[in-house]
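> Below you'll find the structure I mean.
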Amino acid sequence: MDLENKFNDTEYNIQLKDMIVEINKLDDDVGLGRITQETANKTAASLIDDPRYNQVKLKKQIDERDHEILLRDKSRFNDTEYNIQLKDMIVEINKLNDDVELGRITQETANKTVASLIDDPRYNQVKLKKQIVEREHEILLRNERPPLPNCTASLTNSLLNPIGLSNTIYYYPYVGEMRVYSDGWGVGYAEAIKHEATTSDPDQYVRVAARVEGAGSYYADGYMFSYTSTQQPPSGNANVGVDFDWIGGCVFPDDCTIDFVLWELVEVGPLEYQWVKAGEDQDVVSLTGITSAIDDPSDASGSFSNYMDGNILLYCFALEVHTNASCIGSASSANFGFADITRTSRVKWNQGRIIY
């Protein structure tokens, strides 16, 4: 059963919000003496099997399945054998390329042979490493949420500057938290750094890059989070956005994109909180094919309409930078940073904003 094909992230977040509302109502009913705690606990536990929350249950099943498979694959993996097999695979790929140049075989025959190598039993540890890296990345992407901030420290940095009377704009010029991840298999690299603001370099930015040569798959992701106040913004319909600049480039990447996501923090129990996606603007920047680097940063903005609820504990702007490069028999790269594109390349946070 292909669970992923049945999963819908948008519907999942809608259902998750509704489930949390229902759980909170049960807690309220207990506090008002309408039901017992035992009844509330039983009802809350049964919600995962309620058809209204089928996407919440589906995500739980996918996560449990992936963690189980990951543990099994890691128990079968042998790093020494993997490195031996990878060297042999590269030798075989290079020989096929030489045979094409010498006219012994056609490029089409070489391509078919190269593509089949990952399923060759001689390279079973290479395939296993590929599966481990890709599954870990899938779990990471599916479950990445903003960190729960130290409210005093993080919110002090999220300055609020209302401008005007008829058109109120709240600016968020600083990032509260940043995260970066990278991993891969094969011949290549993945690099990811986060730059916190300093006196000499006050900008906040991430650099992520992935490159593969010959055989492999590498990814690097960067996240920047900026939080609103617990008292602002007020309730109402608004345009939520983020402004940033970037320099990057790619050669036939699997992914080289920047997304903007708004998260809201809701209480699901005493001192227990859950981030729920409120909205997103996907592929604000999306590089495909062969994209040459440019010398100057490109300005970009992501935005969407959203109802801002003043009762929400916390909102979080998230700028998500994704790179992923993979190939067998050629080369691929995805880059929003590092010197092989340009010495100044990066994705730099300028500001988040809420406009009423």
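> Can you tell me which of 71-83, 268-280, 53-65 comes out highest on packing, and rank the rest after it, using the mean Cβ neighbours within 10 Å? Numbers along the way, then the final one.
Numbers: 71-83: 11.8, 268-280: 14.3, 53-65: 15.9.
Averaged packing, sorted descending, gives the order 53-65, 268-280, 71-83.
> Report in % the part of the accessible area of the stretch 63-108 that belongs to carbon and sulfur, leaving out ligands and nucleic acids; probe 1.4 Å.
Values: 1670 of 3270 Å².
Answer for the stretch 63-108: carbon and sulfur cover 51 percent of the accessible area.
> Based on C-alpha coordinates, I'd like the Rg and Dmax of the stretch 241-318, in Å.
Final numbers for Rg and Dmax: 16.5, 52 Å.
> Please tell me the relative contact order of the stretch 226-356 in percent, rounded to the nearest whole number, where contacts are Cα pairs under 8 Å and at least six residues apart. Can you show the working numbers first?
Details: 336 pairs, mean separation 56.8, N = 131.
The normalised contact order for the stretch 226-356 reaches 43 percent.
> For the chain, rounded, prolate or oblate, judged on the Cα gyration tensor with a ≥ b ≥ c (square roots of eigenvalues), a/c < 1.5 rounded, else prolate if a/b > b/c? Before the final figure, lay out the partial values.
Numbers: a/c = 2.68, a/b = 1.45, b/c = 1.85.
Taking the square roots of the gyration eigenvalues as a ≥ b ≥ c, the chain is oblate.
> Next question, about the same structure. I'd like the per residue volume of the convex hull spanned by the Cα atoms of the stretch 1-142, given in cubic angstrom.
Values: hull volume 21.2 nm³, N = 142.
Looking at the stretch 1-142, the number lands at 149 Å³ per residue.
> Could you work out the relative contact order of the chain? I mean the mean sequence separation of Cα pairs under 8 Å and 6+ apart, divided by the number of residues, in percent.
Details: 749 pairs, mean separation 66.1, N = 356.
19 percent.
> Taking θ = phi - 60°, what integer Hz values does the Karplus form 6.51 cos²θ - 1.76 cosθ + 1.60 yield along the stretch 21-35, in sequence order, with x for Gly and Pro?
Once rounded to whole Hz, the list reads 4, 5, 5, 5, 5, 4, 4, 5, 5, 5, x, 8, x, 6, 9.
> In nm, to one decimal, how far is the modelled label at TYR307 from the one at SER200, with both set 7 Å along Cα→Cβ?
Each label point lies 7 Å from its Cα, and together they span 5.1 nm.
> List the pairs from LYS87/LYS129; LYS60/LYS129; LYS74/LYS130 whose alpha-carbon separation is above 19 Å, in the order I gave them. Kindly include the intermediate steps, with their values, before the conclusion.
Details: LYS87/LYS129 14 Å; LYS60/LYS129 25 Å; LYS74/LYS130 11 Å.
Long pairs (Cα-Cα over 19 Å): LYS60/LYS129.
> Please state the shape class of the stretch 182-300: rounded when a/c is under 1.5, otherwise prolate if a/b exceeds b/c and oblate if not, all from the C-alpha gyration tensor. Mind showing how you got there, number by number?
Details: a/c = 2.02, a/b = 1.70, b/c = 1.18.
Because a/c hits 1.5 or more and a/b exceeds b/c, the stretch 182-300 counts as prolate.
> Using alpha carbons only, what's the Rg to Rh ratio of the stretch 3-74 with Rh from Kirkwood?
Values: Rg = 15.3 Å, Rh = 13.7 Å.
Expressed as Rg/Rh, it is 1.12.
> Quick one: if you stick a label point 7 Å off each Cα along the C-beta vector at LYS42 and TYR273, how many nm between them?
It is 3.4 nm.
> Tally up the carbon and sulfur contribution to the accessible surface of the stretch 240-356 as a whole percent, 1.4 Å probe, everything protein left in place.
On the way: 2060 of 4590 Å².
C and S atoms contribute 45 percent here.
> Averaged per residue, what accessible surface does the stretch 77-141 expose to a 1.4 Å probe, in Å²? Don't skip to the answer; put the middle values down first.
Values: 3860 Å² over 65 residues.
Here the residues of the stretch 77-141 average 59 Å² of exposed surface.
> Then there's this: Return the distance in nm (one decimal) between the two label points of a simple spin-label model at SER292 and ASP98, each offset 7 Å from Cα along Cα→Cβ.
In this crude spin-label approximation the distance works out to 3.5 nm.
> In debye, nearest 20: dipole of the stretch 1-147 around its Cα centre with unit charges on the Cβ of K, R (+) and D, E (-)?
On the way: 24 positive and 31 negative charges, 35 e Å.
The calculation lands at about 160 debye.
> With only alpha-carbon pairs counted, each pair once and no self-pairs, how large is the Kirkwood hydrodynamic radius of the stretch 293-339 in angstroms? Intermediate results must be reported in sequence, preceding the final value.
On the way: mean 1/r = 0.0649 Å⁻¹.
Its Kirkwood hydrodynamic radius stands at 15.4 Å.
> For the stretch 235-356, with every protein chain kept in place, what is the accessible area per residue (1.4 Å probe, Å²)? Spell out each step's value before the answer.
Details: 4850 Å² over 122 residues.
With all protein chains present, the stretch 235-356 gives 40 Å² per residue.
> Is the stretch 77-141 rounded, prolate or oblate when judged by the Cα gyration tensor, a ≥ b ≥ c being the square roots of its eigenvalues, rounded requiring a/c under 1.5 and prolate requiring a/b larger than b/c?
Because a/c hits 1.5 or more and a/b exceeds b/c, the stretch 77-141 counts as prolate.
> How much FRET efficiency would the formula 1/(1 + (r/R0)^6) give for ASN78 and ILE118, where r is the Cβ-Cβ distance and R0 is 22 Å, rounded to 0.05? Walk me through the numbers before you get to the answer.
On the way: r = 17 Å, r/R0 = 0.78.
So the FRET efficiency works out to roughly 0.80.
> Here's another thing I want to ask about it. Where in the stretch 18-38 does the amide nitrogen come within less than 14 Å of the point 7 Å from the Cα of GLU64, taken along Cα to Cβ?
Answer for the stretch 18-38: none.
The values are calculated or read from the model by the stated rules, or taken from the named source; none is laboratory data. Quick caveat: nothing in here was measured; it's all calculated off a predicted structure. FYI the Cβ positions are ideal-geometry reconstructions off the backbone, even for glycines, and counts take in every protein chain you see. Heads up: the accessible areas ignore ligands, DNA and RNA and are worked out on the full protein's heavy atoms, side chains in. Shrake-Rupley method; radii C 1.70, N 1.55, O 1.52, S 1.80 Å.
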